[in-house]
Amino acid sequence: MPDFDLTILGGGAIGLSAAYLAARAGHRVLVLESSARVGGLLSTFSVGGSRLEQYYHHFFSHDVELRWLVDELGIGQQLQFYPTSMGVFRNGAHHPFNGPRDLLTFSPISFLDRIRFAASSVYLARFVDWRSSENTSALDWFYRYSGKRATEAIWRPMLEIKFGPHARDVPVAWMAGRLRQRLNSRERGVERLGYIQGSLQVLLDTLLTKLSALGVTIRTNSPATALDVRDGRVVAVKVGAESICTGSVLATIPASPSCAILALCARSSSWTALSARPTGSMWPIQASLSVVLSSTPTSSLHPITEAGTLFIYPAISRQATSLVLCLKTRCSDV
């Protein structure tokens, strides 16, 4: 009998949330985290006696799954939404940048450049197909469609501040998704973003308390090094020399370690794949670099021919719906 029904690789937001859902459904769950502490993108640090987020710090109004989790954990009253206020510092002056009116008065670029910027932004957010844009640099796209002056005044500084030397490597597919998030978080032209009073540390601490009460085992400083696959079925996760028997494995770690782990067992395994899409009722572990390895064969799965591609999913959701996840650094349809 396996030591755990489900072993989750990665103790970030996705891994801990999945652990909560699985444990709440009665499964024995183990979370393996390679670093010294769990939290991932929920991590915070101390500033002046308060906690400040290291990474993401707000919710969008349309983040229904995160809002569900906050309510589920009993801290919904601590999530507050506020109107945002943004600006652009250019040529030694601060320019408000919150909506169409501010754009029309944005003096660092000409009126025609402002119109071109607005039109290209709406087109990117509403009509560009991200599937055909994964190999196109966002900066190259902006130079072509928004124009040189608008790109160098707005888009290029924003990307360089956020991504540094990797700004030119950011695909336009990411930018399209980001713009859609911002547009969908607006009501009557006003963007509202949500913040948890006390920082995301409140969410992390509450989640960890729930996991402890549900009997979830969390191990830090425990990077998975390999999967033990026999007869096409995952039977164990290896952490160094230790072998942990498990029923299923959910990897929520980045692509590089996922691929490295799976490459060790892919040659001797009979992998299967399934093409499908998430449903609105599921807990959306939508990160394309997460992958679920199910130890239970399913008749509707089809064998794959290309090594390194994998779409497999057990049911871990609020309504026993399934997850669609992929192994490649680029998520593609089977």
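When 141, 174 are arranged by Cβ crowding within 10 Å, least crowded first, meaning fewest neighbours, the order is 174, 141. Neighbour counts of C-beta atoms inside 10 Å place 142, 60 in the sequence 60, 142, starting with the fewest. Which of the aspartates and glutamates could be linked to residue 162 by a straight reach, that is with a Cα gap under 14 Å, when you skip same-chain ones fewer than 8 residues away? Of all the aspartates and glutamates, none pass the test against residue 162 - Cα under 14 Å, at least 8 places apart if same chain. The residue among 124, 170, 96 whose Cα reaches farthest toward the positive pole of the charge dipole of segment 83-192, with charges on the beta-carbon of Lys, Arg, Asp and Glu, is 96.
Each 5 Å bin from zero holds the following percent of Cα-Cα pairs in segment 83-192: 2, 12, 21, 26, 23, 14, 3, 0. Relative contact order for segment 83-192: 29 percent, from Cα pairs under 8 Å spaced at least 6 residues apart, divided by residue count. Packing here is the average count of other Cβ atoms within 10 Å per residue, and on that basis the peptides 125-135, 147-157, highest first, run 147-157, 125-135. Along the axis of the charge dipole computed for segment 83-192 (Cβ charges of +1 for Lys and Arg, -1 for Asp and Glu, origin at the Cα centre), the listed residues 133, 190, 85 are led at the positive end by 190.
Distance distribution P(r), segment 171-226, all Cα-Cα pairs, bin width 5 angstrom from 0: 4, 13, 11, 11, 13, 14, 15, 13, 4, 1, 0 percent. May I ask for the distance between the Cα centers of segment 154-225 and segment 80-132, given as a whole number of Å? If you average the Cα positions of each part, the centres end up 22 Å apart.
Every number here is computed from the coordinates shown, using simple stated rules; none is lab data. Because the structure is predicted, anything quoted here is derived from the model rather than measured. Here the Cβ is made from the backbone with ideal geometry for all residues, glycine too, and neighbour counts use every protein chain on show.
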